[in-house]
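Working notes, beginning with the structure itself.
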Amino acid sequence: MDEAGQRSRTPKSSDHFVMSAVIIDDEHLAEASDCLAKLRVDLGRRPDDHLTWKNLRGHSLRLHASQVLGQQPWLTISSVVVCKRHITQGIEGIDDDLAYLYTVRYLLERLSWHARDRSRQSSYTLAHVIRFRMEKLREYERLLRADPDCKIAWTALDPRGGQLDQPQRLEFLQLADLAASATFAAFEPDHYGNTERRYLENFSERLYRRGENLTSYGLKMHPWCSSTKAAYPWVAAL
């Protein structure tokens, strides 16, 4: 799991915050490593280079990376897109860390449902966030387990809880970086007011769907209300 954008809600912060998970079955981990190795070659990187979206300077490089994600049948992607300017209620007293954890909650729900429906159990690793300690994640997991309204299917998640790691050490987090940043580009305007949806569209078939439902699973929009439906009408067409 990795993120793109800023958690904060200041006037100068990004309008969106995206957190994405790439789901890979254990039996396909070797294929995931091979995919990353080939992608480094395609992008002119060295074998041990850390792939990160921000270092793919150029539309063609990013387009290719997103196309490669879409070509992997073993890969499932689930993202939460927080549309911060559309949230008008329930934000009092929520600091940056709590906003981050609330997004983690949404994503853990979807990871657990995906595993539960396939009679499997998922472990999860978050790309390490600066100044965010493991103790805070463990305390939040404890609070979620005690919350009767929490929709996480805990039996489908590793009982040891989530882990924090660096993409340089756990290379699969690099796939999550690409997925989150590509999704972010579809929503967050650049300096000229333009967005780029092609990256996301390139791997739309990899997005987690339950039946035909996308916005409750592979692309969870928060909030998903009249204002966001009007602002992002193209999401329903994915």
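The values are calculated or read from the model by the stated rules, or taken from the named source; none is laboratory data. Small disclaimer: the values here were computed from a predicted structure and weren't measured. No Cβ is skipped: glycine too gets one built from the backbone with ideal geometry, and neighbour counts run over all protein chains shown. Areas reflect the complete protein model, heavy atoms only, side chains present, ligands, DNA and RNA absent. Shrake-Rupley method; radii C 1.70, N 1.55, O 1.52, S 1.80 Å.
For the range 36-53, a residue qualifies if it is out of contact with any helix residue (DSSP H, G or I) (no Cβ under 7 Å at 6 or more places or on another chain) and outside any loop (DSSP other than H, G, I, E, B), and the qualifying residues are Ala37, Lys38, Arg40, Val41.
Assessment of the range 174-183 against the conditions (crowded, with 16+ Cβ neighbours inside 10 Å, closer than 21 Å to Ala99 by Cα and of a type in the set (Asp, Glu)) yields at least one matching residue.
For the range 145-156, does any single residue satisfy the condition of being buried (at least 16 other Cβ atoms within 10 Å of the Cβ) and either at positive phi or in contact with a His (Cβ under 7 Å, 6 or more places away or on another chain) (or both)? No, the conditions are met nowhere in the range 145-156.
Let's see how each residue does on (1) over 19 Å from Asp2 (Cβ atoms); (2) not basic (Lys, Arg):
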{"site": "Trp74", "(1), (2)": "no, yes"}
{"site": "Val80", "(1), (2)": "no, yes"}
{"site": "Thr103", "(1), (2)": "no, yes"}
{"site": "Leu107", "(1), (2)": "no, yes"}
{"site": "Arg118", "(1), (2)": "yes, no"}
{"site": "Tyr124", "(1), (2)": "no, yes"}
{"site": "His128", "(1), (2)": "no, yes"}
{"site": "Arg133", "(1), (2)": "no, no"}
{"site": "Glu141", "(1), (2)": "no, yes"}
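Kindly provide the set of residues from the range 218-238 that are surrounded by 19 or more Cβ atoms within 10 Å (Cβ to Cβ) and under 18 Å from Arg105 (Cα atoms), ordered by number. Matches in the range 218-238: Gly218, Leu219, Lys220, Met221. If you go through the range 56-66 and pick out every residue that is open to solvent by less than 70 Å² (accessible area, probe 1.4 Å) and in a helix (DSSP H, G or I), you end up with 6. Right, Asp49: in contact with a Lys or Arg (Cβ under 8 Å, 6 or more places away or on another chain), surrounded by fewer than 19 Cβ atoms within 10 Å (Cβ to Cβ) and in contact (Cβ under 8 Å) with a residue 60 or more places away in the chain or not? Answer is no for this residue.
Among what's in the range 101-119 and is among the basic types (Lys, Arg) and under 14 Å from the mean Cα position of the chain (by Cα), pick the residue that is most open to solvent (accessible area, probe 1.4 Å). It comes out as Arg105.
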